[in-house]
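Notes follow once the structure below has been shown.
Only the coordinates and a few stated rules stand behind these numbers; no lab work does. This structure is a prediction, so every number in the text was calculated from the model and none was measured. With ideal geometry, Cβ positions are generated from the backbone for all residues, glycine too; neighbour counts draw on all protein chains shown.
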Amino acid sequence: MITVIVIALALCAVMLFYMAVRSRRKQAGQSFRPVDLNAFRTLMDRDDELFMREKLPRSKFLQLKRQRIRVTMRYVARIASNASAVLHVGEAARVNPAPEVAQAAVQVTELAAQIRLQCLLAMAKLSLEYAVPSLQLTPAMLVPKYQTLRENLRRLGALQTQNPAPLATAI
């Protein structure tokens, strides 16, 4: 059991390092990539997983679960990347002379920072679940927080008169 824990922690460390390096590389040219939240919710649906566990042979179920975890990790990485880009947009909007724009920018940046931290935690949980498929560690709060980020970003774009960016539809 200790070996499994050590392996899981090593996987988590590798994933965190990978995300940090990738984040630094993308900072120069931030781009938003759309996220299908309905598909993401479906991937995280535990009722669907229980159904597959009952209907499929164990080996096929484990193979499918790991595949779903890999896809979920890609979604989480995309959400983290978008949150990082939103952080940059929000930081630029914080210096806006209009107080309502600056306040909306503060809210957006705080939420984006929270989402980035949740993404790191979700990647760690997913890495652990990949190593030990019998675990069920769901990054459940990520979807509602990301939806809130979209809405706040939409509001920030509407408040900015010189740059009404359609960012919320891009993420």
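In a GNM of the chain with a 10 Å cut-off on Cα contacts, which of Gln107, Gln63, Gln160 has the highest mean-square fluctuation?
Between Gln107, Gln63, Gln160, it is Gln63 that shows the largest mean-square fluctuation.
For the chain, state what percent of all Cα-Cα pairs lands in each successive 5 Å bin, counting from 0 Å until the bin that includes the largest distance.
Calculated over all Cα pairs of the chain, the distribution is 1, 8, 16, 18, 17, 13, 10, 7, 5, 3, 1, 0, 0 percent.
Under a GNM of the chain (C-alpha, springs under 10 Å), which listed residue has the highest mean-square fluctuation: Val71, Val108, Val21?
Of Val71, Val108, Val21, the Gaussian network model singles out Val21 as fluctuating most.
For the chain, what does -39500 (n - 2.57) per DSSP helix run (n ≥ 4), summed and divided by total residues, give at 222 nm, in deg cm²/dmol to the nearest 500?
Details: 7 runs with 133 residues, N = 171.
Theoretical 222 nm ellipticity from helices: -26500 deg cm²/dmol.
Toward the positive end of the charge dipole of region 41-171, about the Cα centre and with charges on Cβ (Lys, Arg +1; Asp, Glu -1), which of Leu87, Ser127, Ala105 goes farthest?
Of the candidates, Ser127 comes out farthest on the positive side.
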